[in-house]
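Novice: Below are the structure tokens for one structure; questions will follow.
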Amino acid sequence: MFNGVRERIDGASSVVPRALIITVLDNGVFGLAESVPGASALTCIILIMGICGTIGLLGTASRMLWAFAREDGVNLSGYVARVEAPTALPLYAIGITALIAVKA
């Protein structure tokens, strides 16, 4: 599970286990203290991670949709493959992907 992470970290044999242990200890301290600020901090961390992951997934999925549309691989590819000049972004592909993500 952590192979992808370990390949990109110098001294991974000691850094990754230390990070995992610190994470478990932090969660234990916040959990045992039963503090509202501690629980709020952990909730914020989870929310931020979820938002960042969602942005990454949306970017990846919209890029794939735009690439398929560019090759005429989807319906209405003329609209989906359009890149708006002011932003240089495939806004139709991003919008369609976001709409699908909200509906799912």
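Novice: Could you say which residue among Val15, Val24 is part of a helix (DSSP H, G or I), without any contact (Cβ under 8 Å) to a residue 60 or more places away in the chain and either in contact with a Pro (Cβ under 9 Å, 6 or more places away or on another chain) or loosely packed, with under 13 Cβ neighbours inside 10 Å (or both)?
Specialist: Details: Val15 fails: either in contact with a Pro (Cβ under 9 Å, 6 or more places away or on another chain) or loosely packed, with under 13 Cβ neighbours inside 10 Å (or both).
Matching residue, one of Val15, Val24: Val24.
Novice: Find the residue count for the range 51-104, including only residues that are among the small types (Gly, Ala, Ser), under 18 Å from the mean Cα position of the chain (by Cα) and in a helix (DSSP H, G or I).
Specialist: The number of residues fulfilling the criteria is 9.
Novice: Further question: Condition first: among the β-branched types (Val, Ile, Thr) and under 17 Å from Leu99 (Cα atoms). Can you find one or more residues in the range 19-32 that meet it? Quick ask: steps written out before the conclusion?
Specialist: In the first step, residues of the range 19-32 are kept if they are among the β-branched types (Val, Ile, Thr); the result is 21-24, 29.
Next, from what is left, pick out any that are under 17 Å from Leu99 (Cα atoms): none.
Looking through the range 19-32, none of the residues is among the β-branched types (Val, Ile, Thr) and under 17 Å from Leu99 (Cα atoms).
Novice: Also, I was wondering about something else. Might you let me know whether the range 87-101 holds any residue that is without any contact (Cβ under 8 Å) to a residue 40 or more places away in the chain and in contact with a Lys or Arg (Cβ under 6 Å, 6 or more places away or on another chain)?
Specialist: Let us first name the residues in the range 87-101 that are without any contact (Cβ under 8 Å) to a residue 40 or more places away in the chain, namely 87-97, 99-100.
Checking the rest, the ones that are also in contact with a Lys or Arg (Cβ under 6 Å, 6 or more places away or on another chain) come to 92.
Scanning the range 87-101 turns up at least one residue that is without any contact (Cβ under 8 Å) to a residue 40 or more places away in the chain and in contact with a Lys or Arg (Cβ under 6 Å, 6 or more places away or on another chain).
Novice: State which residue pairs qualify: first residue in contact (Cβ under 8 Å) with a residue 40 or more places away in the chain and inside the range 41-60, second residue assigned to a helix (DSSP H, G or I) and surrounded by 10 or more Cβ atoms within 10 Å (Cβ to Cβ) in any location, beta carbons under 7 Å apart, and separation of 6 or more residues or different chains.
Specialist: As it stands, the answer is Leu58/Thr97; Leu58/Ala98; Leu58/Ala101, since those pairs meet every condition given.
Quick note: the coordinates plus some simple rules give every number you see, no bench work behind them. As the structure is a computational prediction, the values presented were derived from the model and not from experiment. All Cβ positions, glycine included, derive from the backbone under ideal geometry; neighbour counts span all protein chains shown.
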